[in-house]
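Values in this text are rule-based calculations from the coordinates and carry no lab data. No experiment lies behind these values; they were computed from the predicted model shown. Please note: Cβ atoms are built from the backbone with ideal geometry, for glycine as well, and neighbour counts cover all protein chains shown.
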């Protein structure tokens, strides 16, 4: 099983661009979730910014908080992470 540090390494390998703001990980079910925002594109850079890293395989994928999970729970996890409570 991947650690959060290994998941962070996997996401930064896929998204090495310095114009990206990567937030996370938050632990959600069988994946670690990240928000990846393109700060060079203020209009569309934050549209659908969620990505997951599978805890077992390390696979990085797009993640929809609307269809792939519980939107309210995921938002709370990210809010808690930004407040230092998770």
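Dividing the summed -39500 (n - 2.57) terms of all DSSP H runs of n ≥ 4 by the residue count of the chain sets its mean residue ellipticity at 222 nm at -8500 deg cm²/dmol.
Only one of the listed values, (1) 5.6; (2) 7.9; (3) 7.0, was derived from the coordinates as mean projected area of the Cα convex hull in nm²; which label is it? For mean projected area of the Cα convex hull in nm², the calculated option is (1). Just check the range 6-46 against the gyration tensor rule for me: Cα atoms, a ≥ b ≥ c as the square roots of the eigenvalues, rounded for a/c under 1.5, and otherwise prolate or oblate depending on whether a/b exceeds b/c. Judged from the Cα gyration tensor, the range 6-46 comes out oblate (a/c at least 1.5, b/c at or above a/b). Spin-label model, residue 12/residue 47: points 7 Å from Cα along the beta carbon direction are separated by 2.9 nm. The relative contact order of the chain, computed from alpha carbon pairs under 8 Å that lie at least 6 residues apart in sequence, is 25 percent.
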